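The values are calculated or read from the model by the stated rules, or taken from the named source; none is laboratory data. Note that the coordinates shown come from a computational prediction; the quantities given were computed from them, not determined experimentally. We place every Cβ from the backbone using ideal geometry, glycine too, and count neighbours over all the protein chains shown.
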């Protein structure tokens with residue numbers, strides 16, 4: 001079995017639909033890992049080709065559609081506001097949108 005050389009290893013992990021070749025996996029990542037945070041993988045039956053047999057691993061996951069992001073009316077967002085004191089002693093208002101994570105200081 002021919003091992004993949006360190007210099008041949010990819011820097012990022014991506015999902016690939018080709019189940020006849022080795023998965024594109026960076027060192028330390030698993031075959032269903034991906035560096036794209038919205039990408040989702042599903043397991044599929046592998047069908048190893050010559051290259052996969054030589055390397056000793058085959059891709060057994062495929063990417064599926066990215067999850068739909070539901071549109072929300074901003075009036076329905078949960079927002080918290082509070083006053084805070086800066087190190088210079090001035091008072092500011094912090095607004096934090098709990099649903100989106102956006103924070104602003106005024």
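Checking residue 52 against (1) modelled with pLDDT of 75 or more; (2) in a loop (DSSP other than H, G, I, E, B); (3) surrounded by 13 or more Cβ atoms within 10 Å (Cβ to Cβ), which test does it fail?
Only one criterion is unmet by residue 52, namely (2).
Could you list, in sequence order, all residues of segment 13-38 that are modelled with pLDDT of 75 or more and in contact with a helix residue (DSSP H, G or I) (Cβ under 8 Å, 6 or more places away or on another chain)?
20, 21, 22 - these are the residues of segment 13-38 that are modelled with pLDDT of 75 or more and in contact with a helix residue (DSSP H, G or I) (Cβ under 8 Å, 6 or more places away or on another chain).
Does residue 101 qualify as being assigned to a loop (DSSP other than H, G, I, E, B), out of contact with any helix residue (DSSP H, G or I) (no Cβ under 8 Å at 6 or more places or on another chain) and either in the same structural domain as residue 37 (by TED's automatic domain parsing) or more than 30 Å from residue 37 (Cα to Cα) (or both)? Please lay out each step first, then the result.
Values: assigned to a loop (DSSP other than H, G, I, E, B): yes; out of contact with any helix residue (DSSP H, G or I) (no Cβ under 8 Å at 6 or more places or on another chain): yes; either in the same structural domain as residue 37 (by TED's automatic domain parsing) or more than 30 Å from residue 37 (Cα to Cα) (or both): no.
Answer is no for this residue.
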